[in-house]
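Take a look at the structure below.
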Amino acid sequence: MKGSVKIDTQNLTPEEVFITTPQDFKLPEPLPLDCGRVLKEVNIRYETAGTLNADASNAVLVTHALSGDAHVCGRHTPDDRKPGWWDEMIGPGKMVDTNKYFVICSNVIGGCSGSTGPQSIDPDTGKPYHMNFPVITVADMVRAQKQLIDHLGIKKLLAVLGGSMGGMQVLQWAVSYPDMMNAVIPIATACQFSPQNIAFDWVAREAIKADPNWNGGEYTEDTVPARGLAAARMLAHITYLSEESMSRKFGRSLQNKDAGNSYEYDFDFDFKVESYLQYQGQRFVERFDANSYFYITRATDYFDLTAQTGGDLAKALENVKAAFLVVSFSSDWLFPTRQSKEIVDALLKNRKQVSFCEIKSGYGHDAFLLEVNTLGRMVRDFLHHQQGRR
């Protein structure tokens, strides 16, 4: 099967390492974008795991969140210490069992992990796009993914699933290509980005712009806007947690244990939570591009399934055909449960097939990555049921 990874997963157990290999697909034609521009010579970086069956009926597309990438499961080499970002969920014998399913995950356009983005070469100039890259939308991301699925010879996906920004892509798939999947699983997401979330994105981008190294996006590998990007990530990371999880993990514990219970009376680290955020910011700078952060966050800002229906979500979802499993988490204040219920209510108004669950969790928005056992069992059973319906 063209584009697939030939890996024998039949005899592997969940504890054993299995290898996934990054691959590239060049779109055969320029990609029209919602902004009115056309993106030329588009590359899609993707990975697959498992084997596509004879009638291509076991394909599951996984869509990633804002800071994710195509490396959803497995490892790139036998001694690779960092597995894919949903490796606890996906793999041989796991909840999304790659002994049964052919799993596909691609890096979104606008990203910085192999797909065409701001750091790619503009074929018209021979230089990196930087901030001359066209503004993209979630719908643009999905159009590019659709061409990848066509390239792999898949006429209909068994399911599309993802959380957060990945959940936005899931919803967009259901609306844009209603005949292309049997089921969809939008997790910890919403039909539109809230004003509060747009505000967080604005402040994060302003933090990057305030870094003198940003230079209007014309920075080099040696002069990245590290402080600005780290600050943006720290701000975002706070929204991924809950008050409960931060209190449980850090409380008001001080970073310098040798100092006992006394403060340092300066503006360096005093509290463990401050040190933790600084660490998260530094790690993010090592793997993510500041300009990509601009483009991907703007795509989430613009996401609104009701934009063409005057705010009517039921009308926006009236033509979907997939069965839905909508999942939220009780302590997620970035995408609260009420937003998932809005999706469920709109589907019920249209008499669509939908299941819903709010998982009780103290992890906040990050629960979609951390509540693997509970979420995974739901996804496993739902996929099994959908496979039986084909």
Legend entry - Using θ = phi - 60° and Karplus 6.51 cos²θ - 1.76 cosθ + 1.60, couplings along the stretch 101-117 (whole Hz; Gly, Pro as x): 10, 9, 9, 10, 9, 10, 6, 5, 5, x, x, 9, 10, x, 6, 4, x
Inset, instruction - Work out how much length Arg338 to Gln196 would gain on full extension: take 0.36 nm times their residue separation and subtract the Cα-Cα distance, in nm to one decimal. - result: 49.6 nm
Inset, instruction - Could you compute the FRET efficiency for Asp268 and Asn373, with r as their C-beta to C-beta distance and R0 at 30 Å, rounded to 0.05? - result: 0.20
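Which loop trypsin sites (Lys or Arg not before Pro) in the stretch 66-124, with loop taken from DSSP, have no more than 12 other Cβ atoms within 10 angstrom of their Cβ? Intermediate values should be presented prior to the final figure.
Numbers: sites: Arg75, Arg81, Lys94, Lys100; in loops: Arg81, Lys94, Lys100.
In loop regions of the stretch 66-124 (DSSP not H, G, I, E or B), the sparsely surrounded trypsin sites (Lys or Arg not before Pro) are Arg81.
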Legend entry - Global form of the chain, assessed from the alpha-carbon gyration tensor, a/c cut-off 1.5: rounded
Legend entry - Whichever lysines have a C-alpha closer than 30 Å to that of Lys209, once near sequence neighbours (fewer than 8 apart) are set aside: Lys40, Lys127, Lys272
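If we sort 47-53, 125-131, 182-188 on the protection proxy, mean other Cβ atoms within 10 Å, highest first, what's the order?
Numbers: 47-53: 22.7, 125-131: 13.7, 182-188: 26.1.
My ranking of the peptides, most packed first, is 182-188, 47-53, 125-131.
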Inset, instruction - Just the number, please: carbon plus sulfur as a percent of the accessible area of the chain, 1.4 Å probe, no ligands or DNA/RNA counted. - result: 49 percent
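Which length gain, in nm to one decimal place, applies between Arg248 and Asn53 when the Cα-Cα distance is subtracted from 0.36 nm times their residue separation? Don't jump to the answer; show the numbers that get you there.
Working: separation 195, 0.36 × 195 = 70.20 nm, distance 4.55 nm.
Additional length available on full extension: 65.7 nm.
On average, how much accessible surface per residue is there in the chain, in Å², for a 1.4 Å probe, leaving out ligands, DNA and RNA? Provide the component values of the computation, followed by the final result.
Working: 17700 Å² over 390 residues.
Result: 45 Å² per residue.
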Inset, instruction - With label points built 7 Å along Cα→Cβ from the Cα atoms of Glu358 and Asp222, find their separation and express it in nm. - result: 5.5 nm
Inset, instruction - Among the aspartates and glutamates, select those whose C-alpha is under 17 Å from the C-alpha of Lys349, and discard any that sit fewer than 8 residues away in the same chain. - result: Asp312, Glu318
Inset, instruction - For Ile149, tell me the accessible area in Å² from a 1.4 Å probe, rounded to the nearest 10. - result: 0 Å²
Inset, instruction - Collect residues whose amide H, placed 1.01 Å from N in the peptide plane, falls under 5 Å from the amide H of Phe303; neighbours closer than 5 in sequence don't count. - result: Phe193
Inset, instruction - Would you look at the GNM of the chain, springs on alpha carbons closer than 10 Å, and say which of Pro336, Pro118, Pro212 moves the most? - result: Pro212
Legend entry - Inter-label distance for Asn319 and His385, nm, one decimal - labels placed 7 Å from Cα along Cα-to-Cβ: 2.7 nm
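Counting only DSSP beta bridges with both residues in the chain, what percent are antiparallel, rounded to the nearest 5?
Values: 14 of 40 bridges.
The antiparallel fraction comes to roughly 35 percent.
With runs of 4+ DSSP H residues as the only contributors, calculate the mean residue ellipticity of the chain at 222 nm using -39,500 (n - 2.57) per run, divided by the residue total and rounded to the nearest 500. Can you show the working numbers first?
Working: 11 runs with 132 residues, N = 390.
That calculation yields -10500 deg cm²/dmol at 222 nm.
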Inset, instruction - Kindly flag which residue pairs out of Lys155/Lys352; Lys26/Lys315; Lys100/Lys315; Lys156/Lys352 have an alpha-carbon separation exceeding 24 Å in this structure. - result: Lys26/Lys315; Lys100/Lys315
Legend entry - Paramagnetic reach from His76 in the stretch 274-300 [backbone N under 20 Å; point 7 Å along Cα→Cβ]: 282-293
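Between Asp345 and Glu41, take the C-beta separation as r, use R0 = 35 Å, and let me know the FRET efficiency to the nearest 0.05. Could you put the intermediate results ahead of the total?
Values: r = 43 Å, r/R0 = 1.22.
Efficiency at R0 = 35 Å is approximately 0.25.
The values are calculated or read from the model by the stated rules, or taken from the named source; none is laboratory data. Computed from a predicted model, the values in this text were never measured in an experiment. In this analysis, Cβ positions are derived from the backbone assuming ideal geometry, glycine residues included, and neighbour counts consider all displayed protein chains. Accessible surface is based on the protein model in full, side chains and every heavy atom, while ligands, DNA and RNA are left aside. Shrake-Rupley method; radii C 1.70, N 1.55, O 1.52, S 1.80 Å.
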